[in-house]
1. For the chain, what is the accessible area per residue in Å², given a 1.4 Å probe and the full set of protein chains?
2. Which order do the peptides 145-155, 30-40 come out in when sorted by mean C-beta neighbours inside 10 angstrom, highest first?
3. Considering only protein heavy atoms and a 1.4 Å probe, what is the carbon-and-sulfur percentage of the accessible area of the chain?
4. For the chain, what are Rg and Dmax over the alpha carbons, in angstrom?
5. In whole Å, what three semi-axes, largest first, describe the equivalent ellipsoid of the range 8-82 built from its Cα gyration tensor (square root of 5 times each eigenvalue)?
6. Just to check I understand the Karplus step: with θ = phi - 60° and J = 6.51 cos²θ - 1.76 cosθ + 1.60, what whole-Hz values come out for the range 158-163, glycine and proline as x?
7. In the chain, with Lys and Arg counted as +1 and Asp and Glu as -1 at Cβ, which of these residues, Gly96, Asn109, Leu35, has the Cα nearest the positive end of the dipole, that is, farthest along it?
8. Going highest first, how would you order 61-74, 11-24 by mean Cβ packing within 10 Å?
Amino acid sequence: MEIRKASQEDYTTIFEIANVTWDNAYKSILSEAQLEYMMDMMYSPSAFTEQLNIKGHHFLMASIDGKDLGFASYELNYRYGVTKLHKLYVLPQTQGTGMGHALITAVENAAKANGNETVTLNVNRFNKAIHFYEKNGYANTGAVDVNIGNGYLMEDYVMEKSLSF
Ligand SMILES: CC(C)(COP(=O)(O)OP(=O)(O)OC[C@H]1O[C@@H](n2cnc3c(N)ncnc32)[C@H](O)[C@@H]1OP(=O)(O)O)[C@@H](O)C(=O)NCCC(=O)NCCS
């Protein structure tokens with residue numbers, strides 16, 4: 001498995017991985033209308049360009065035999081000493097093979113290299129990924145409802161991990 005830094009040229013692949021993985025992960029949790037609204041908000045070409053070039057999000061791509069199968073994005077210094085994991089998606093057929101672990105470890109290593117002591121993330125309260133994050137050392141620090149407009153809420157838990165240096 002290879003993990004590399006992703007760039008603007010990877011937009012279409014990132015969109016395709018997100019599209020398939022979102023549908024699979026969220027169709028039993030969110031309405032179709034909310035799914036569409038959130039995909040557009042987070043993965044339209046302009047949203048991606050803004051994340052990459054203005055918000056300073058870093059994207060990592062994971063591949064096997066040259067085939068891109070998963071990605072992560074993160075923001076260093078989201079708060080003082082804290083890195084935020086914004087996105088972590090692995091295609092359904094590759095889930096459970098260690099790719100998610102490899103990506104989150106790469107994010108933690110980037111955070112540490114930057115002197116950040118904590119990684120934080122939001123996860124939907126009904127998402128099976130909560131178990132994955134717990135296995136990777138993340139603790140649930142509480143529930144939060146995020147108003148994302150159009151009458152929609154993201155009903156999340158905030159999970160955090162203290163990094164050991
Ligand atoms: C969550 C996710 C990134 C984990 O990556 P992964 O490559 O599947 O995970 P790994 O193989 O490194 O780790 C295995 C663990 O992940 C979890 N896992 C496996 N498949 C999963 C799935 N479909 N959904 C959620 N968690 C899963 C299990 O807890 C598993 O532990 P177990 O062996 O004790 O059952 C990936 O499953 C995924 O993309 N899920 C759907 C999208 C999503 O929910 N992303 C997170 C948004 S906050």
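1. On the way: 8720 Å² over 165 residues.
It amounts to 53 Å² per residue over the chain.
2. Values: 145-155: 11.5, 30-40: 14.5.
The densest-packed peptide leads the list: 30-40, 145-155.
3. Working: 4310 of 8720 Å².
Looking at the chain in its full context, I get 49 percent from C and S.
4. 15.1, 43
5. Details: eigenvalues 89, 63, 33 Å².
Ellipsoid half-lengths, sorted descending, are 21, 18, 13 Å.
6. My calculation for the range 158-163 gives 9, 10, 9, 9, 8, 8 Hz in order.
7. Farthest along the dipole direction, towards plus: Asn109.
8. Values: 61-74: 18.6, 11-24: 16.1.
Packing order, densest peptide first, comes out as 61-74, 11-24.
The values are calculated or read from the model by the stated rules, or taken from the named source; none is laboratory data. Keep in mind that what you see is a predicted model, and the values were worked out from it rather than measured. All Cβ positions, glycine included, derive from the backbone under ideal geometry; neighbour counts span all protein chains shown. Note: accessible area is taken over every heavy atom of the protein model, side chains too, but ligands, DNA and RNA are not part of it. Shrake-Rupley method; radii C 1.70, N 1.55, O 1.52, S 1.80 Å.
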